[in-house]
Amino acid sequence: MGYKKGIGIIYGDLGDDYAKIRKFKAAKTCLDSAMALGKDIGIRDLIRDTYCCYYYYDSLIHDYKKSLADYKMYIVYRDSLINSETDKKILSQQLVYGFKLQQDSIKHDEEYKESIAANNKRKQESIIATVSIGLGLVLVFTVILFYRFRIIKRQKYVIEEQKKLVEKQKEAVEQQNILVEQQKTEVERKNAVIAEKNKDILDSINYAKRLQDAILPSMTDIRQYFPESFIIYKPKDIVAGDFYWLAPIPA
C-alpha cells in the first residue's frame, strides 16, 4: 500500500522482538530500516519510538555508552513532541479567549447603547470570565510543570541506575587488574628462581671447564714432540665430552 509510517512501525516492532529473543543482527537491521524511514518522511514519533528500541537493544548487547546516548535522543524527541502539543493547546486557548473577548466587545457595544446599568453588569461578567480563564491557564501550566517534574525525576533515576552499573563494571575491572598483577608478580618470582638456578648450573659448567682445561695437555707439551702441529678443539657448548691426551712411551 506504500504506507511508509506503517512500514516503519512494523520494522521497529520487529527489531524490538528480535532483540528480546537475542537475534541481534536481525534486530539491528530492522531498527536501522525503521530509523531510515522515520527520518526520510520526517515522522518524529516514529523516530522517538525507534530510539527507545535502540536504547533497549544496546543495553542487551552491553553497549551502555550507546544505550545512554539513544535514551537521551529518545527524551529529546519525546519532549519535543510534548512541547509541540502544549503549544497547540495554548494557541487554541488563546484563539478561544480572543474570540470570546471579541464577542464580549460586540455585546458590550450593543448593551451600552441600551443602558448604563447593563453596561456595568456586562463589565462584571467580563472580569469574572477573564479571571476564570486566567485560573484555567494557571491550572494548565501547573499540570505541565508537574508532568515535567515527573519526567526529570524518571530520567534522574535511569541515569543513577546506569551510573551504578558502570561503577560495578569498574570494580570488576579493578579486581581483574589486581589478579593480573598478582599473577605477574608470581611469574616474576618464578623467573627469578629459574634465573638463579640457571646461574648455579652455568657456574658449575664453567667450573667443569676449568677442570677440563687443567686435565687436557697444553700446546707446549704437544709441540715438544710435534713442532709443526695444531689442535682444533671447539666444544659445541661450554664443555665437551671428548678428551685428547698425549704421553711419551718409554722405549
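Please treat every number below as a calculation from the coordinates, not as lab data. Keep in mind it's a predicted model, so treat the numbers as computed, not measured. Note that each Cβ is placed from the backbone with ideal geometry, even for glycine, and that neighbours are counted across all protein chains shown.
As I understand it, the value is the acute angle between the Cα axis of helix 4-20 and the longest principal axis of the Cα atoms of the chain; what does it come to in degrees, rounded to 10?
Result, in degrees: 40.
Calculate, in nm to one decimal, what Ser204 and Lys156 gain on full extension: separation in residues at 0.36 nm each, minus their alpha carbon distance.
Additional length available on full extension: 10.1 nm.
Quick one: helix 24-41 against the long Cα principal axis of the chain, what's the angle to the nearest 10°, folded into 0 to 90?
40
When the Cα centres of the range 162-239 and the range 1-79 are compared, how far apart do they sit, in Å?
Centre-to-centre (Cα) distance: 61 Å.
Nearest 0.05, what FRET efficiency do Ile215 and Ala251 give at R0 = 22 Å with Cβ-Cβ as r? Each step should come with its number before you reach the end.
On the way: r = 26 Å, r/R0 = 1.20.
Computed FRET efficiency for Ile215 and Ala251 comes out at 0.25.
Compute the distance in nm between two label points, each set 7 Å from the Cα along the Cα-to-Cβ direction, one at Ala36 and one at Gln124.
Computed distance between label sites Ala36 and Gln124 equals 7.0 nm.
What ranking do 149-159, 42-52 get when scored by the average of other Cβ atoms within 10 Å per residue, highest first? Working shown, then result.
Numbers: 149-159: 11.4, 42-52: 19.5.
Output ranking for 149-159, 42-52: 42-52, 149-159.
Using a basic spin-label model with each label point 7 Å from the Cα along Cα→Cβ, how many nm lie between Lys190 and Lys163?
Computed distance between label sites Lys190 and Lys163 equals 4.3 nm.
What value, in deg cm²/dmol to 500, does the helix sum -39500 (n - 2.57) over DSSP H runs of n ≥ 4 give at 222 nm once divided by the residues of the chain? Mind showing how you got there, number by number?
Values: 6 runs with 210 residues, N = 251.
Roughly -30500 deg cm²/dmol at 222 nm, from the helical runs in the chain.
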